[in-house]
Every structure is written in C-alpha cells, then in structure tokens.
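Each remark here refers to the structure printed beneath this line.
The values are calculated or read from the model by the stated rules, or taken from the named source; none is laboratory data. Note that this is a predicted model, so its numbers are computed, not measured. Here the Cβ positions follow ideal geometry from the backbone for every residue, glycine too, while neighbour counts run over all protein chains shown. The accessibility values were calculated without ligands, DNA or RNA, using every heavy atom of the protein model including side chains. Shrake-Rupley method; radii C 1.70, N 1.55, O 1.52, S 1.80 Å.
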Amino acid sequence: MHPAPSVILFTTLSGLGFGLLFFLGLGQPAATGTVAFVFYLIAYALAVGGLLASTFHLGRPERAWRAFTQWKTSWLSREGICAVAALLVMGLYALGAVFLDSHWTLLGWLGAALSLATVFTTSMIYTQLKTVPRWNTALTPVMFLSFSIAGGALLAGAETLAPWLLTLAGAVQLAYWAKGDGALAASGTDLATATGLGSRGTVRAFEPPHTGSNYLLREFVHVVGRKHAQKLRVIAFALGFVLPLLMILAPVHGFVLKHVLAALAVLSHMAGIAVSRWLFFAQAEHVVGLYYGKR
Amino acid sequence: MEGGQMTELPNSTDRKMGLVIDLDTCVGCHACVISCKGWNTENYGAPLSDQDPYGADPSGTFLNRVHSYEVQPAPCESQPDPAAQLIHFPKSCLHCEDAPCVTVCPTGASYKRTEDGIVLVNEDHCIGCGLCAWACPYGARELDLAAGVMKKCTLCVDRIYNENLPEEDRIPSCVRTCPAGARHFGDLGDPDSDVSKLVAERGGIDLMPEMGTKPVNKYLPPRPKDQIEAQAAPLAPLLKPVAEDAGGFMGWLDKALDKLPGGTN
Ligand code: SF4
Ligand code: SF4
C-alpha cells in the first residue's frame with residue numbers, strides 16, 4: 001500500500017492522543033487547573049490534529065460529514081462517531097478538571113472507554129480488509145491498542161505502568177512482524193486463483209493493461225521502500241520501545257533531568273511509532289498487485 | 001440515483017445482471033477498453049479524466065482493463081515439451097453478491113441495487129476516501145483524480161434500460177463493441193438465460209473465490225491448446241502453394257531465373 005503521510009500522521013498522532021485521553025479519563029494524573037489544561041491541550045492537539053490530517057487524503061473533504069451516517073456496516077463511519085463522542089465527553093470532563101477543580105468519575109470512565117473504542121475502530125478499518133492479508137489478523141487491533149495505551153502511559157507520566165505497557169507493546173510489535181511476513185502466502189491467494197488459470201499451468205503476468213501507471217498501482221503497489229524494511233524495523237523498535245524504556249528507567253534523581261528524559265522518551269516513542277506505521281502501510285501487500293505480477 | 005440509505009447489502013436481488021467473459025475467444029484487442037471509456041466519459045457521472053495525456057507519464061481512469069497472462073503447462077508424458085499459452089484477460093467490476101466495497105463505505109455512496117444487483121456509486125455523496133477500492137480484491141474501482149470521486153463499471157446502467165437507443169444497443173458498451181464476441185451480457189440469476197447456459201456448458205469460474213465476494217461475472221476458461229502441431233496438421237494441405245508449375249510468362253521467367261548462376265532453393 002502507498003504509505004500516505006496524511007494517514008501515517010493521523011494514526012500515529014491520534015493513537016497517542018486518545019491513549020492520553022484514556023489515562024486522563026481514568027484520573028491518571030488527577031491534575032486540575034493549569035496543569036490539567038496543559039495535559040488536555042496536548043491530548044486534544046494530538047487527537048484532533050491527527051483527525052484533521054486524515055481528511056487531507058479525501059477527494060471531497062467538504063462532504064466529510066456524510067461519513068457519520070453508515071455506522072451499521074462501516075468501520076470508518078463508526079470511527080468518526082466514536083472519535084467525536086470521545087472528544088465531546090472528554091471535553092466536558094476536562095472542563096470540570098480545569099475550571100471547577102472536580103473529577104466527574106463516571107464521565108471520565110465513559111470518555112476513557114470511548115477513547116479506546118476510537119482506537120479500536122481505527123484498527124478495524126484495516127483489520128477487516130481481506131484484500132490485505134498482512135492486516136487481516138486479530139494482531140492488528142491488539143497492536144493499535146497496545147501502542148496507544150503504552151504511548152498514553154508515557155505521556156501521562158504513569159511511571160509504574162509505562163515500562164510494562166511499553167514492553168508489552170514491543171512484544172506485540174515483534175509478533176505482528178513475524179506473523180505478517182507469511183500472511184500473503186498463508187492467505188492462499190496468488191496469481192493462480194486471481195486469474196482462475198492455475199489448474200492449467202504456471203501463470204505469469206505477460207503484459208500489463210497499459211504501458212503507463214495508474215491509480216491502482218500508485219495506491220496499492222509500493223515496492224520501492226520495502227528494500228530497507230529490515231533496517232527500518234530495527235530503527236522503529238529501538239526508537240519506539242528500547243530507548244524510551246531506558247530513558248524512563250534510568251536511575252537519575254534531579255527533577256529537571258527526570259523531566260527532560262521523560263520528554264525525550266515521548267519524542268523517541270513518537271518517532272518510532274511513526275516509522276512502524278510507515279512500514280505498516282509500505283509493507284502491506286494488496287492482492288490486486290498480483291494481477292500486475294507484483295505484490 | 002437514490003442515496004442516503006444504509007450501505008447494507010440486499011439479502012437477495014431480483015435479477016443478477018452481469019457479464020460472462022470468454023477467455024478462449026478474447027484476442028486482446030482492447031476495443032472494449034476504448035468503447036467503455038468513450039461511453040462512460042460522457043454519460044453517467046463525472047468524466048473519466050486523464051492526467052498528463054500527451055506528456056511523458058500519461059495515466060487515466062479506466063473502468064475496464066485488459067491484462068495478458070502466459071500460462072506454461074507442466075510437461076507430461078503425452079506432452080514432454082508443452083507450448084506456453086497466451087491468454088488475454090479483460091477485467092472490470094464483477095458486481096459481487098457479497099460486495100465488500102459496499103459495506104465499508106462510510107457515506108452510503110456505494111450501494112447494490114435490489115432490482116438487478118448492479119453495484120453503483122452515488123457520486124454526489126462520495127467523499128473520495130478510497131476505502132472501497134481498498135476493499136475490492138479485483139482492482140475494479142479507481143479514484144478519479146480530477147473529480148475526486150470513485151469511478152467503477154456501471155454495467156452501462158444508462159444503456160441497458162435506455163429506450164432512446166435502438167434495441168440492439170441496449171447492452172453494455174463493451175459487449176456491443178467486442179469484435180470477437182468474447183463478452184456476453186445477461187441475467188446470471190436465471191438458470192435458463194443464455195449466459196447461465198453458457199457458464200454451465202463451458203465450466204465458468206469465479207475469480208479469487210477464497211475472498212468470499214461471490215462475483216456475479218463469470219470467466220469461461222480457455223480450451224486447451226497444448227497440441228498446437230496436431231491442430232495445425234489438418235490445415236497443412238491448404239498451406240501448400242496453389243500452383244507449383246507455372247506456365248506462360250511466369251513459367252518463362254521461372255526458367256530464365258533458374259538458368260542464372262547462383263542456384264535455387
Ligand atoms: S468487483 Fe470489486 S467493485 Fe465490483 S462489486 Fe466486487 S468488490 Fe465491489
Ligand atoms: S470512495 Fe466514495 S464510494 Fe468509496 S468508500 Fe469512500 S465514500 Fe464510499
């Protein structure tokens with residue numbers, strides 16, 4: 001799949017933003033006043049910024065409101081509804097924390113649940129696609145959720161939980177890569193089933209329909225960047241999980257130093273997740289590529 | 001062009017209109033590609049735009065494309081050295097019964113009609129998110145870069161019921177155009193229709209059945225052509241020169257040329 005910057009930005013930022021909102025909704029940290037304001041500002045900037053970025057890849061963004069109508073069948077529609085509901089509920093909860101010095105616990109829990117539901121619905125947009133075997137696995141939602149919760153814990157400064165959640169997310173990442181590499185072969189779809197000619201012999205793509213490129217090739221067949229996939233995996237894993245873990249576990253004592261390290265851990269994690277998301281798209285083989293003798 | 005309804009798939013459709021494509025007959029001339037683009041760029045919905053059409057990197061929106069594949073049969077006892085076969089392979093929307101492109105659509109723009117099973121896009125509601133093209137295994141949907149909306153085969157819904165056209169033209173443009181007669185149009189839900197009989201007789205197949213899309217369009221497999229020499233043999237007498245001994249002027253010329261140095265072959 002074509003790794004569109006808008007979609008990578010969206011899933012990375014909003015995943016983190018909703019992860020932070022999840023922790024804030026659970027009262028972690030139970031900040032009020034100005035401190036609370038800063039936390040909510042960061043969470044909303046990430047979540048809303050991500051959502052806005054995602055509209056950049058629409059052909060007709062001015063009609064985006066229609067995307068709320070098909071919740072019965074469409075995960076994309078459900079995602080839109082969950083995101084707006086989570087932002088509204090958490091906005092109300094934030095008002096209480098920032099201005100009234102109070103935490104409305106039940107509302108916070110509802111907001112936390114909606115925040116996670118948003119991340120889950122995002123992941124299901126990809127998971128549901130049989131046409132992309134690498135995504136069509138239960139590990140996809142597990143990965144999105146574990147990343148979002150680990151990143152949220154880092155941002156929320158949940159010192160005791162964050163190391164465990166980061167370790168878990170890292171393990172899920174490794175499992176996802178290991179499973180994904182065999183997914184297309186395991187799906188049973190190849191040029192033989194695509195053309196229905198497999199029983200007659202070995203099928204080879206002889207000539208594409210046109211000498212030039214087209215929408216399908218640009219959108220679904222992305223071979224160029226895959227060359228460096230293994231190196232990028234190492235980078236993603238180091239930045240996303242190993243470095244942040246080392247930084248938050250480092251035995252330092254100064255208040256400033258601790259906060260600088262925590263901020264660096266967050267930045268490193270964000271960069272790592274962005275690289276992982278780039279790979280998530282760039283490495284995903286859409287079966288339509290088979291018709292062109294590519295993957 | 002109804003819109004605003006849920007993109008749920010109908011449980012069943014009254015008819016299953018679709019195409020039967022004969023891979024034995026298709027000669028790969030791409031006439032259907034051109035006639036499809038010609039009809040559909042000036043009728044239903046937004047035109048099918050081209051980008052950089054006369055430049056170095058031309059591309060454009062097509063609803064029907066013809067691939068070519070080579071099939072190499074494995075050697076066996078009767079065919080120790082089998083010849084490879086070239087198969088031309090037209091591909092457009094298969095109007096699937098279980099169309100994944102419809103259910104993923106967040107706006108309700110994609111829908112499947114209850115009356116004839118045709119899968120359409122209401123271009124006034126489409127936001128161009130592209131998810132339906134991601135969901136289609138066959139590459140049957142293309143986002144038009146100029147209009148920003150999704151384009152796909154309409155089964156020429158604006159021809160097949162169009163009483164302003166002479167009756168013989170009330171079939172999809174590609175079917176009407178194909179000079180080889182490789183494309184057939186009809187109701188695949190009716191077991192007595194010509195297309196259903198053709199599918200039964202020739203063992204029509206589904207593309208990527210494992211995807212669970214239940215395509216309506218069927219493909220007729222090419223007949224085996226692995227005995228090329230044997231097939232050519234009955235034609236051999238016809239391939240001989242008609243007159244071996246020429247008379248008259250040609251005969252004189254023949255003899256005169258024979259006498260020249262340099263020999264004959
Ligand atoms: S061929 Fe593709 S676009 Fe057409 S109905 Fe099937 S899934 Fe949808
Ligand atoms: S591109 Fe248009 S028709 Fe396709 S899923 Fe998006 S809104 Fe629906």
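A few notes on this one:
- When residues in segment B:209-224 are screened for being outside any loop (DSSP other than H, G, I, E, B) and away from ligand 1 (no atom under 13 Å from the Cβ), 2 of them pass.
- Counting only strands (runs of 3 or more DSSP E) that sit wholly inside segment B:64-115, those with at least 2 residues that are more than 16 Å from ligand 1 (Cβ to nearest atom) and in contact with a Phe, Trp or Tyr (Cβ under 9 Å, 6 or more places away or on another chain) are B:64-72, B:85-92.
- Flag for B:VAL71 being within 11 Å of ligand 2 (Cβ to nearest atom), crowded, with 23+ Cβ neighbours inside 10 Å and under 19 Å from the mean Cα position of the chain (by Cα): no
- Some residue of segment B:34-54 being within 8 Å of chain A (Cβ to nearest Cβ) and outside any loop (DSSP other than H, G, I, E, B): no
- Residue, surrounded by the most Cβ atoms within 10 Å (Cβ to Cβ), within segment A:33-65, restricted to residues that are in contact with a Phe, Trp or Tyr (Cβ under 9 Å, 6 or more places away or on another chain) and assigned to a loop (DSSP other than H, G, I, E, B): A:HIS57
- Every residue from segment A:143-170 that is open to solvent by 10 Å² or more (accessible area, probe 1.4 Å), of a type in the set (A, V, I, L, M) and more than 18 Å from the chain's Cα centre (by Cα): A:LEU161
- In segment A:93-113, the count of residues that are open to solvent by 30 Å² or more (accessible area, probe 1.4 Å) and within 14 Å of chain B (Cβ to nearest Cβ) is zero.
- B:THR114 surrounded by 21 or more Cβ atoms within 10 Å (Cβ to Cβ), at pLDDT below 95 and more than 18 Å from the chain's Cα centre (by Cα): no
- 1 or more residues within 14 Å of chain A (Cβ to nearest Cβ): qualifying helices (runs of 4 or more DSSP H) within segment B:146-208: B:173-177, B:194-202
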